[in-house]
Amino acid sequence: MSSATMSEDSIQTLARPKRWHILVFLLPAFIIYSAVMILPLVETLRLSLFNTVDGQSTFVGFANFQVLFGEERWAADFWRALKNNFLFFAIHMLVQNPVGIALAAMLSIPKLRLATFYRTAIFLPTLLSFVIVGFIWKLILSPIWGITPFFMDLVGLKSFFAPWLGKPGSALIAVSLISVWQNIGIPMMLIYAALLNIPDEVIEAAECDGVTGWSQFWKIKLPLVLPAIGMVSILTFVGNFNAFDLIYTVQGALAGPDGSTDILGTLLYRTFFGFQLQLGDRSMGATIATVMFLIILAGVSLYLFGIQRRVRRYQF
Amino acid sequence: MSKARVSPLRSGFVHLVLAGYTVIALFPVLLTILNSFKDRNAIFRTPLAPPTASTFSLVGYETVLKQGDFVGYFQNSLIVTVVSIFFVLLFGAMAAFALSEYRFRGNTMMGLYLAIGIMIPIRLGTVAILQGMVAAGLVNTLTALILVYTAQGLPLAIFILSEFMRTVSDDLKNAGRIDGLSEYAIFFRLVLPLVRPAMATVAVFTMIPIWNDLWFPLILAPGEATKTVTLGSQVFIGQFVTNWNAVLSALSLAIFPVLVLYVIFSRQLIRGITAGAVK
């Protein structure tokens, strides 16, 4: 974007004042994207400031948020869903990403035999729908089928088996780990790609200096793939705070047992769409969607302006 | 060339870990498929054994095909996915071309505007999307899903495709202009064929979330006639939850097309990811 091209551009604009083809190329995407995505998003944010008073939609300011954060009927559910959602995210960050990085590091060992096979197989669950994954694990963890107790018996841990999905204390962890099992392919692949992009000269230089094996991974490779790790973290964050399908499939819309697996996505679904005896509430649904939007926006902004800028991108 | 010597001990350990995780990744899927071909007794008595002549049974599949309209669900999913991908690729490539080829006022702003959707999920606008679809009379139509998925797929498609289009040689396009080709002809006849590999990558990335989505079919098109295979199997399995044969068969039927597509496209997909398309 040098000044030379800028002046060239202005000459072009003078010579051809109307370039309709640009409009034709842009318009279809712009219209669909704006009409189906951006406008509904803005409208949802706007609806969160309105509520139905005497059958009429009325501007209520931040009253919906006050109800959501403070009124007994809503606040307990909301804060629990928020807390569960952060726990859900924390388990992903602590299990999915480190294991994904470890798998990627092993896959990227040069001339590793069977690497393509391992890579293809480990990525498979990522392609399955949450519905398939949810039900498969529901069956496997089911005490009726007995697959899990059987395997735990093999290693002498049978006494530790419990119907984890059915217990309020362990259900959220169990569901999070199912989600980790499914999504581990994403960090693995992105970090694998980043590791492959490290030029051989850097590795050779490290080897000349006697940096090999573990210390090479920690001191050379890991710092070089930090941008990819940042990317994976923000993708995990957005995905987790927008998750719904897996919990809906495994635990139902009520996110049982006893709401112990309720996260913002399931709370939004129940609130906005209604479930069983609960009637759908558009205003409160929009309010919860707005809170989710603000959380995701905060996370993305933190990433874009805080982390991504500071992590130096190495140009090879 | 990296000449790091890998000791046999270390490489053995690496294979052990990777093979171990491969088993963890594949075992649940294989277990489901194997048991879907067995009778009820065998499912419970010998869950880990492959089906034998005496335990082989297709009763689950019979129930699924009789009770659920899986053929119809497949058809719906296929229509929604294919049509959405077509529009994402066509409109996405057009917009990407406009953004990468021409300098005009607002180019950067437009690029940023179209990029919002990469990070902000479309689900957050569901309340108003449903309202809009009700107003437009599109609830319980596949059109509603196609519109939503097209909008959902466009931002990433535009982002990836415009990166690729910047690499198409200017000389080629200018030669076309000198030969009197219109801008439309340059796009459709010169540029599009050259970015075909990138289009394939975008198609695969777009396809997976559409095929697997449960949220929008549940909210916008839950009617029997418009159920996608993801929603259809969700509802079916929910109803037949105690019929293990039917549940395992329904799951296998839902896994099968994904497996086939993955076997065909895995190289394309993995090359797409590792080529830095989503870095």
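Values quoted throughout were computed directly from the atomic coordinates according to the rules given, and no laboratory measurement underlies them. Given the structure is predicted, the values throughout are model-derived calculations rather than measurements. Cβ: placed from backbone, ideal geometry, glycine included. Neighbour counts: every protein chain shown.
The fewest-to-most ranking of A:Thr261, A:Thr287 by surrounding Cβ atoms within 10 Å reads A:Thr261, A:Thr287. When both the range B:64-143 and the range A:214-275 are represented by their alpha-carbon centers, they are found 23 Å apart. List the relative contact order of chain B as a percent without decimals, with contacts defined as Cα pairs under 8 Å and 6+ residues apart. Here the relative contact order equals 29 percent. Highest GNM mean-square fluctuation among A:Gln278, A:Gln182, A:Gln56, for chain A modelled with Cα contacts below 10 Å: A:Gln56.
Can you work out the base-10 log of I(q)/I(0) for chain A at q = 0.07 1/Å, using the Debye formula on its C-alpha atoms alone? Each listed q maps to, in turn, -0.43. Using the Cβ-Cβ distance between A:Ile144 and B:Leu65 with R0 set to 22 Å, the FRET efficiency from 1/(1 + (r/R0)^6) comes to roughly 0.30. Neighbouring Cβ atoms from other chains, within 10 Å of the Cβ of residues in B:261-271, number 3 on average. Straight distance only, please: which lysines reach the Cα of B:Lys227 with their own Cα at less than 24 Å, same-chain residues fewer than 8 apart left out? Qualifying lysines at Cα under 24 Å: A:Lys138, B:Lys66. The length gained by stretching the chain between A:Leu294 and A:Trp214 to full extension, at 0.36 nm per residue less their Cα-Cα distance, is 24.8 nm. 3J(HN,Hα) along the range A:255-271: 6, x, x, 6, x, 6, 10, 5, 10, 4, x, 6, 4, 4, 4, 4, 5 Hz, from the Karplus curve 6.51 cos²θ - 1.76 cosθ + 1.60 with θ = phi - 60°, whole Hz, x for Gly and Pro. Modelled label positions at B:Val17 and A:Gln56, each set 7 Å beyond Cα in the direction of Cβ, lie 6.7 nm from each other. Each of the peptides B:62-70, B:141-149 was scored by the mean count of other Cβ atoms within 10 Å over its residues; in descending order, highest first, they stand as B:141-149, B:62-70.
Taking a point 7 Å from the Cα of A:Arg80 along the Cα-to-Cβ direction, the residues of the range A:242-275 with backbone N closer than 17 Å to it are A:247-248, A:251-272, A:275.
With neighbour counts taken as other beta-carbon atoms within 10 Å, the residues B:Thr126, B:Thr46 rank, fewest first, as B:Thr46, B:Thr126. If I build a Gaussian network model for chain A, linking alpha-carbon pairs within less than 10 angstrom, which residue out of A:Ala206, A:Ala298, A:Ala228 has the largest mean-square fluctuation? Judging by the Gaussian network model, the answer is A:Ala206. Computed over chain A, relative contact order equals 24 percent, with contacts defined as Cα pairs under 8 Å that lie 6+ residues apart. Exposure proxy ranking for A:Met188, B:Met199, A:Met152, based on other Cβ atoms within 10 angstrom of each Cβ and starting from the fewest, stands as A:Met152, B:Met199, A:Met188.
Considering only A:Glu43, A:Glu207, A:Glu71, the Gaussian network model of chain A with Cα springs below 10 Å gives its largest mean-square fluctuation to A:Glu207. Taking every residue in B:96-108 and counting other chain Cβ atoms within 10 Å of its Cβ, the average works out to 4. Mean per-residue shielding of peptide A:115-125 is 6, counting Cβ atoms of other chains within 10 Å of each Cβ.
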